[in-house]
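Heads up, the thing below is written out as structure tokens.
The values are calculated or read from the model by the stated rules, or taken from the named source; none is laboratory data. This is a predicted model, so every value here is computed, not measured. As a convention, Cβ positions derive from the backbone with ideal geometry for all residues, glycine included, and neighbour counts pool all protein chains shown. Heads up: the accessible areas ignore ligands, DNA and RNA and are worked out on the full protein's heavy atoms, side chains in. Shrake-Rupley method; radii C 1.70, N 1.55, O 1.52, S 1.80 Å.
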Amino acid sequence: MNKEKRKILVTGGLGFIGSHTVVELQNEGFDVIIIDDLSNSKIEVLEGITSISHIKPEFVQLDLKNKELVSEFFSNHSIDGVIHFAASKAVGESVEQPLKYYENNIATLVYLLQEMIKNKVSNFIFSSSCTVYGQADELPITEKAPVKIAESPYGNTKQIGEEIINDTTRVEDLEAIVLRYFNPIGAHESVKIGELPIGIPQNLIPFVTQTAAGIRKELSVFGDDYPTSDGTAVRDYIHVVDLAKAHIAALRRLLDGNNKEKIEFFNVGTGKGNSVLEVVQAFEKISNQKLNYKIVGRREGDIVSAYADTTLANQELGWQSKLTLEDGLASAWKWQQKQS
Ligand code: WQD
């Protein structure tokens, strides 16, 4: 079979990370089919993808909770690998509606894996999160750091998801790579796709750009009494295009049979930690304007500091992040300015 025409199913392919990954897959010559239920994405993203790559990916609007439709989908399509982004991701909402999260993120994963196994689709890439490490005892965080008790049902769905995949790879013909993302930011350089938060953004960068755009009055900086250089919390902000490329590297590893275990885990970050105030300052510099912000109390459930040790991904996937925090902020700002 022509390796470059392999067909890859991307669930949640119209979402923030999914859409950027679809573009990179198309750039690399893969044939992409997207499943998305449009619950947290817009159909216009399909046009954005197409105008970047000049290839319209196949799109199936489908809710993965519908087991029968998932089964029908697999009967009708020949798939070489699955990249599974589709999931609910709002931490606060997951506390309010835990069962929605267990159904959306866990039941769907089970159905997807069942159909993959039934149809002999063995290559699987799973979106996990650095949230599984909680507040790690040592920084930077390696993949050997223990998984800590989850702070939210959302975080728990990522941990349980990892366990489900792990248990399945032990007994089935399934090869999996779990990517633990740090904090994804930014937009494609064309600014034809980017992050589309619904309602009030929970994440820092969309809140920053919406504040600068006048949509929000001011940014609340959650806590300045953390044991960090300036007292604000530290995270590893990874450009979404770099993150997308990590998926291509992981996929190639599986398709080429270069994986060393049936399930492998990789941190995907830059390896660099930045405080909230450093992000604010960097943003002010690239946007050439002052950002309206105030320091408020800590946000419940937040950790002090998290940044990745990326040695394993660098060595095994041959991948490393290339874009900077400034690149991420500049593209996020350009994207924000394009929104009406
Ligand atoms: C980053 C920093 C905040 C907003 C969460 C999930 C994680 C992952 C990404 C996603 C923190 C501070 C934020 C604001 C602020 N999953 N902040 N004012 O909390 O690291 O991770 O999103 O799908 O699983 O837990 O990311 O962007 O919310 O916050 O001061 O208005 O910015 O306290 O230090 P976080 P974040």
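Relative to the longest principal axis of the Cα atoms of the chain, the long axis of helix 44-53 lies at roughly 80 degrees.
Under the criterion of Cα pairs below 8 Å and six or more residues apart, the relative contact order for the stretch 80-200 equals 31 percent.
Within the listed set Ala306, Ala87, Ala150, the Gaussian network model of the chain (springs between alpha-carbon atoms below 10 Å) gives the highest mean-square fluctuation for Ala150.
Hey, if we sort Val147, Val10 by accessible area with the 1.4 Å probe, largest down, what's the order?
In descending accessible area the options line up as Val147, Val10.
Between Glu138 and Lys217, the distance separating the two model label sites (each 7 Å from Cα on the Cα→Cβ line) works out to 4.7 nm. Considering only alpha-carbon pairs that sit under 8 angstrom and 6 or more positions apart, the relative contact order computed for the chain is 19 percent.
Provide Thr50, Thr108 ordered by accessible surface of protein heavy atoms (probe 1.4 Å), highest first. Mind showing how you got there, number by number?
Working: Thr50 30, Thr108 5 Å².
The residues order as Thr50, Thr108, largest area first.
Ordering Tyr111, Tyr154 from largest to smallest accessible area (1.4 angstrom probe), what's the sequence?
Tyr111, Tyr154
Amide H to amide H, with H built 1.01 Å from N, Thr324 comes under 5 Å of no residue 5 or more places away or on another chain. Taking amide H positions as modeled 1.01 Å from N, with prolines and chain starts lacking one, no residue 5 or more places away or on another chain lies under 5 Å from Lys56. Listed by chain and number, the aspartates and glutamates whose C-alpha is less than 19 Å from the C-alpha of Lys42, apart from same-chain residues fewer than 8 away, are Glu58, Asp63, Glu195. For the stretch 168-183, putting each phi into the Karplus relation 6.51 cos²θ - 1.76 cosθ + 1.60 with θ = phi - 60° gives couplings of 5, 5, 5, 10, 10, 7, 9, 10, 10, 10, 9, 9, 9, 6, 8, 9 Hz, in residue order, rounded to whole numbers and with x for Gly and Pro. Each Lys or Arg adds one and each Asp or Glu subtracts one; over the other residues with Cβ under 12 Å from the Cβ of Asp309, this totals 0.
Given +1 at the Cβ of Lys and Arg, -1 at the Cβ of Asp and Glu and no other charges, the dipole of the stretch 33-84 around its Cα centre is 60 debye to the nearest 20. Between Val60 and Arg170, the contour length at 0.36 nm per residue exceeds the alpha carbon distance by 36.5 nm. Entry comment: accessible area of the chain is 45 Å² per residue, from protein heavy atoms only and a probe of 1.4 Å. Remark: the Ile200-Asp225 segment gains 6.5 nm on full extension, using 0.36 nm per residue and subtracting the alpha carbon distance.
Kindly provide the helix-only [θ] at 222 nm of the chain, computed as the sum of -39,500 (n - 2.57) over DSSP H runs of four or more divided by all residues, to the nearest 500 deg cm²/dmol?
When only DSSP H runs of four or more count, the value is -11000 deg cm²/dmol.
Close amide H partners of Val234, meaning residues 5 or more places away or on another chain with modelled amide H under 5 Å apart, are Ser305, Ala306. What you get for the chain, charging only the Cβ of Lys and Arg (+1) and of Asp and Glu (-1), is a dipole of about 520 debye around the Cα centre. Within the assembled protein chains, the solvent-accessible surface assigned to Leu64 is about 10 Å², based on a 1.4 Å probe.
Per atom type, the stretch 247-323 shows carbon and sulfur on 44% of its accessible surface, probed at 1.4 Å.
Evaluating 6.51 cos²θ - 1.76 cosθ + 1.60 at θ = phi - 60° for every residue in the stretch 245-260, the Karplus couplings come out as 5, 4, 5, 5, 4, 5, 4, 4, 4, 6, 5, 8, x, 8, 5, 8 Hz, glycine and proline recorded as x. The stretch between Ser75 and Lys322, if pulled fully straight at 0.36 nm per residue, gains 85.0 nm over its current Cα-Cα span.
With +1 assigned to the C-beta of every Lys and Arg and -1 to the C-beta of every Asp and Glu, and no other charges, what is the dipole magnitude of the stretch 298-340 about the Cα centre in debye, to the nearest 20?
I would put it at about 280 debye.
Run through the stretch 258-306 and list the GluC sites (Glu not before Pro) located in a DSSP loop whose Cβ has at most 13 other Cβ atoms within 10 Å. Hits after loop and neighbour filter: Glu261, Glu300. Using a probe radius of 1.4 angstrom, the carbon and sulfur fraction of the accessible surface of the stretch 77-184 is 51%. 3J(HN,Hα) couplings calculated from phi for the stretch 33-41 with the Karplus curve 6.51 cos²θ - 1.76 cosθ + 1.60 (θ = phi - 60°) are, in sequence order, 10, 9, 10, 8, 9, 6, 6, 9, 8 Hz; Gly and Pro show x. Annotation for Glu103 and Leu38: the two label points, set 7 Å from Cα along the Cα-Cβ direction, are 2.0 nm apart. Just checking the listed ones, Gly328, Gly231, Gly12: in the Gaussian network model of the chain with Cα springs under 10 Å, the one fluctuating most is Gly231.
Of the trypsin sites (Lys or Arg not before Pro) found in the stretch 158-245, those that fall in a DSSP loop while having at most 12 other beta-carbon atoms within 10 Å are Lys217.
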